[in-house]
1. Which residues does the label zone of residue 182 cover in the range 121-136, counting backbone N under 19 Å from a point 7 Å along Cα→Cβ?
2. What's the whole-number percent of alpha carbon pairs in the range 1-148 lying beyond 22 angstrom?
3. Divide, for the range 178-262, the radius of gyration over alpha carbons by 2.2 N^0.38 Å, where N is the residue count.
4. Which of 209, 169, 88 moves most in a GNM of the chain, Cα contacts under 10 Å?
5. Give me, ordered by chain and number, the residues 5 or more places off residue 8 or on other chains with an amide H under 5 Å from its own placed amide H.
6. For residue 130, what is the net charge nearby, where nearby means another residue's Cβ is under 10 Å from its Cβ and Lys, Arg count +1, Asp, Glu -1?
7. What does DSSP give for the chain in terms of the percent of beta bridges that are antiparallel, rounded to the nearest 5?
8. What FRET efficiency do you get for residue 24 and residue 3 if R0 is 22 Å and r is their Cβ-Cβ distance, rounded to the nearest 0.05?
Amino acid sequence: MRRPFVAGNWKMNTTAASGCELARAIAEAVPTSRDEVDVLVAPPLPYLDCVDDELAKSAVMLGAQNCYHEKEGAFTGEVSPQMLADLDVDYVILGHSERRHILGETDEDINKKVAAALEAGLGVILCVGETLEDREAGKTNDVLAQQLSGGLKGLTAEQLAGGTGGNDDLVLAYEPVWAIGTGKTATPEMAQEAHAFLRSKLAEGWGDDLAAATRIQYGGSVKPANAADLLAQPDIDGALVGGASLSAENFLPIVEAAFAQV
Ligand code: PEP
């Protein structure tokens, strides 16, 4: 049984004060006794520390939205996985479609980051997903296969599984680009098909055990109204939530929909 995993990606939103208030509301709803579901919030980088303080007495984990692949050095403006680990970050989101399509990150860049983050002991949420153009051209599976093999190139099943059952494993997020921030959601059937395909590719490349153990989140306009149907699909193991993670009122019902699955 894969433990459901709901993550909130705050992107470049909130202030220090509003971010901490949001973290506090989420932390209160997920005390340490509620650990059957993994819950994570990924605030903007400058707020990691203060959000971490708010999460201290809860089961909610801390996420980052990006990192660089080097440990240290003359890389102005970048942040290393070691620095994130130092700030108690559990998982880092890599390969988000906004970083691929707005910031121009390639599979090669993302691959270096995934390897560096895992080596630093962080968990990784690796995002993959097709554009509308890809889908309409019947290329969805090709794009997913390419982003998966490109992002995980050179990494072994042992590295991807994480060492100790702690928060240092690979998690995938299937995020169709056309569904992110648009209000359009993949139907549960469409998402299930993509998730099953990704799992089959994991099995092909890294073996059945890793494929069976790896959580695959769905992301793309997840909201309270559609979360339960998506999470009920056999290969959907959680959600990566953007817009709806910016208010406790919207995020917590999604978290509760995941608890209802266990
Ligand atoms: C995301 O940012 O990963 C995302 C899925 O955004 P939204 O939920 O707003 O579509």
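Readers should treat all values here as calculations from the given coordinates under stated rules, not as data from a laboratory. Not measured: the values here are computed from a predicted model. Every residue, glycine among them, receives a Cβ derived from its backbone with ideal geometry; neighbour counts consider all protein chains shown.
1. 127-136
2. On the way: 4834 of 10878 pairs.
So the portion of pairs separated by more than 22 Å is 44 percent.
3. The reported ratio for this selection is 1.11.
4. 209
5. 40, 41, 42, 241
6. Numbers: positive: 135, 139; negative: 133, 134, 136, 142, 175.
That works out to -3.
7. Numbers: 1 of 28 bridges.
Of the beta bridges lying entirely in the chain, close to 5 percent run antiparallel.
8. On the way: r = 24 Å, r/R0 = 1.10.
The value I calculate is 0.35.
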